[in-house]
Amino acid sequence: MKEECLICKEPLVYLETDEAMECAICHKKESSKTRCAKGHYVCNECHTAGMDVIIGLCLEESSKNPIEIIEKMMGQPFCHMHGPEHHVMVGSALLTAYRNAGGDIELEKALSEMMNRGKKVPGGTCGFWGACGAGISTGMFVSIISKSTPLAEEPFGLSNLMTSKALEQIGRIGGPRCCKRDSYLSILAAADFVKRHFGIEMQTAGIVCKHSKQNNQCIGKRCPFAKSNH
């Protein structure tokens with residue numbers, strides 16, 4: 001058994017409707033569709049504990065490659081195989097690489113905003129909302145660099161178009177979900193989008209997944225980042 005439940009490592013169970021849950025770590029009570037086979041539930045806040053180090057890591061980063069940046073985040077203790085931390089990590093890696101590639105943003109302020117927005121997207125949105133949080137994170141990234149608001153014109157359009165481009169790539173592969181695969185797909189879509197619409201070229205290189213052994217639902221050769229495809 002690979003990583004699943006953070007408490008007992010048992011497989012996760014996804015319910016059709018919300019049920020009353022109590023976090024096994026902080027004991028907060030709330031509704032959720034997700035628990036493990038033994039009944040353990042871990043809330044988003046506890047699942048992403050320690051994620052605040054992202055801002056410090058990004059401020060010290062000089063790379064123009066968002067894949068390289070997010071891989072460093074994935075190696076941190078706060079990051080699990082799957083989880084809502086990826087909803088912050090994708091946008092943060094993109095903001096950092098964008099600034100390092102010449103993008104005109106105040107990085108610390110942008111990262112704080114990304115943290116605030118990304119943390120509000122709960123785990124499981126890929127399957128329950130039809131919109132993967134990693135893909136949504138790219139739209140947040142574009143909305144931040146373009147200073148979009150609900151009343152904006154072009155930035156509004158670009159932000160939503162970016163999310164749609166990322167979700168299209170994720171949807172074409174199909175499920176089951178993989179937060180690593182969906183993060184890579186989203187970042188590659190965003191790098192291409194930003195080059196065309198903002199004139200900033202971030203670096204990307206061939207991606208070979210190093211995380212498949214931790215994923216019980218790995219789709220193998222169907223994944224574009226599988227070792228067997230390279």
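Within the listed set Ala205, Ala166, Ala134, the residue fluctuating most in the Gaussian network model of the chain (springs between alpha-carbon atoms under 10 angstrom) is Ala205. A Gaussian network model of the chain, with springs between Cα atoms under 10 Å, assigns the largest mean-square fluctuation among Lys119, Lys29, Lys64 to Lys29.
Suppose accessible area is computed on protein heavy atoms with a 1.4 Å probe; arrange Glu154, Glu68, Glu4 from highest to lowest.
These residues rank, largest area first, as Glu154, Glu68, Glu4.
Around Glu19, what is the net charge, scoring Lys/Arg as +1 and Asp/Glu as -1 over all other residues with Cβ under 9 Å from its Cβ? Spell out each step's value before the answer.
On the way: positive: Lys33, Arg35; negative: Asp18.
Net charge in that neighbourhood comes out at +1.
In the context of the full set of protein chains, the chain has a per residue accessible area of 49 Å² (1.4 Å probe). Taking Cα pairs under 8 Å and at least six residues apart, what relative contact order does the chain come out at, in percent? Answer for the chain is 17 percent. If I ignore ligands, DNA and RNA and count only protein heavy atoms, how much of Phe225 is accessible to a 1.4 Å probe, in Å² to the nearest 10? Surface accessible to solvent at Phe225 totals approximately 10 Å².
Computed from the coordinates I sent, percent of Cα pairs over 24 Å apart equals one of (1) 65; (2) 42; (3) 54. Tell me the label. After the calculation, the listed value that fits is (2). Comparing Cys79, Cys26, Cys36 in a Gaussian network model of the chain (Cα springs below 10 Å), the most mobile by mean-square fluctuation is Cys26.
Under the classification rounded if a/c is under 1.5, otherwise prolate if a/b is larger than b/c and oblate if not, where does region 74-159 fall, given a ≥ b ≥ c as square roots of the Cα gyration tensor eigenvalues? The shape class here is oblate. Using just its DSSP H runs of length 4 or more, each adding -39500 (n - 2.57), the chain gives a mean residue ellipticity at 222 nm of -14000 deg cm²/dmol after division by all residues.
How large a share of the accessible area of the chain, in percent, is made up of carbon and sulfur atoms when the probe is 1.4 Å and the other protein chains stay in place?
Working: 5670 of 11290 Å².
With neighbouring chains kept in place, the figure for the chain is 50 percent.
Near Lys120: Cβ cut-off under 12 Å, other residues only, Lys/Arg at +1 and Asp/Glu at -1. The net charge is 0. Which angle from 0 to 90°, rounded to the nearest 10, does the C-alpha axis of helix 107-118 make with the longest principal axis of the chain? On a 0 to 90 degree scale, this one is about 40.
Between helix 86-100 and the chain, what is the angle of the helix's C-alpha long axis to the longest principal axis, kept within 0 to 90° and rounded to the nearest 10? Helix 86-100 sits at roughly 20 degrees to that axis. Between region 174-230 and region 85-125, the alpha-carbon centres lie 17 Å apart. Charge tally for Thr48 (other residues, Cβ to Cβ under 12 Å; Lys, Arg +1; Asp, Glu -1): -1.
The values are calculated or read from the model by the stated rules, or taken from the named source; none is laboratory data. The shown structure was predicted, so the numbers you read here are calculated from the model rather than taken from an experiment. All Cβ positions, glycine included, derive from the backbone under ideal geometry; neighbour counts span all protein chains shown. Surface accessibility is based on the protein's heavy atoms, side chains included, excluding ligands, DNA and RNA. Shrake-Rupley method; radii C 1.70, N 1.55, O 1.52, S 1.80 Å.
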